[in-house]
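The next block holds one structure in the form of structure tokens; read it before the comments.
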Amino acid sequence: MTALESYLCTYFNIPSKYLDVLSRKFVYRTLPKGEYFTRSGAYCEKLSFIKSGHLRIFEYEEGKDITQWISSKGELVTDLSSLFFHTPARRNIQALTDCELFTIEKESYRQLANIVPQWPELEKLFIAKCFLTLEDRVFGFLSLSAEQRFQQIFQYKKELFNEVPLHYLASMMGMSAETLSRIRNNGIS
């Protein structure tokens, strides 16, 4: 099983008999460090699995650069509202490192129901998982202390702390770089 087929099984629970034809809809691409996957205001017409690297999802608000999330190996990246509702992307997505991606264009994505009969149900489950992840993040911001948010991200994505600038991580966790530095220096991990 290829890395892409493994991602498809993990995210969508695709029956194995459809994996080969489905994986051929995806194109291997590289995205050099600093390049944009999509920019705020543009249309995002693709969805990608990340084979390697890190992509930062961020926006500018009141002159501040705010990181919403950092997507990494084994995760999906897109601007969902742009992909599904054909609206301009709300956020920028930029490569923090050189990235390898498996990308499906919007037109090919729309054809998936013709390839996998149970695709509409699988897609609903996938979107529900996305919603639950978002719900957990919102609840965490409302209920967890800065130290607890750090612990949560550190346990979930430990590699980020060695591969991504810390001010992006601090922003993603809703704290200042100074607070993150203080938490790390206090040996919380």
Of all residues making up the range 61-110, the number that are out of contact with any Gly (no Cβ under 8 Å at 6 or more places or on another chain), among the acidic types (Asp, Glu) and surrounded by fewer than 16 Cβ atoms within 10 Å (Cβ to Cβ)
5
Residues to consider are Ala113, Ala128; find the one that is exposed (fewer than 13 other Cβ atoms within 10 Å of the Cβ) and not β-branched (Val, Ile, Thr).
Ala128
What are the residue pairs meeting all of these: first residue in the range 100-125, first residue among the β-branched types (Val, Ile, Thr), second residue surrounded by 14 or more Cβ atoms within 10 Å (Cβ to Cβ) and in a helix (DSSP H, G or I), Cβ atoms under 8 Å, and 6 or more apart or on different chains?
Ile115/Tyr18; Ile115/Leu22; Val116/Tyr18; Val116/Leu22; Val116/Leu122
Whether any residue in the range 69-80 is basic (Lys, Arg) and either touching a Cys at 6+ places or on another chain (Cβ under 8 Å) or in contact (Cβ under 8 Å) with a residue 60 or more places away in the chain (or both) is what I want to check.
no
Condition check for Gly41: at pLDDT 95 or above and farther than 27 Å from Arg24 by Cα
yes
When the residues of the range 1-29 are narrowed to those that are of a type in the set (Val, Ile, Thr) and out of contact with any Gly (no Cβ under 8 Å at 6 or more places or on another chain), which ends up nearest to Ile50 (Cα to Cα)?
Val27
Can you tell me which of (1) without any contact (Cβ under 8 Å) to a residue 40 or more places away in the chain; (2) surrounded by 12 or more Cβ atoms within 10 Å (Cβ to Cβ); (3) of a type in the set (S, T, N, Q) is the one Gln155 doesn't meet?
(2)
Confirm whether Leu142 is more than 25 Å from Lys17 (Cα to Cα), without any contact (Cβ under 8 Å) to a residue 60 or more places away in the chain and surrounded by fewer than 13 Cβ atoms within 10 Å (Cβ to Cβ).
yes
Might you check whether a residue that is modelled with pLDDT of 90 or more and either touching a His at 6+ places or on another chain (Cβ under 8 Å) or closer than 27 Å to Glu121 by Cβ (or both) occurs anywhere in the range 3-19?
no
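The values are calculated or read from the model by the stated rules, or taken from the named source; none is laboratory data. It should be emphasised that the depicted structure is a prediction, and the values quoted were computed from it without experimental measurement. Cβ coordinates were reconstructed from backbone atoms using ideal geometry, including for glycine residues, and neighbour counts include every protein chain displayed.
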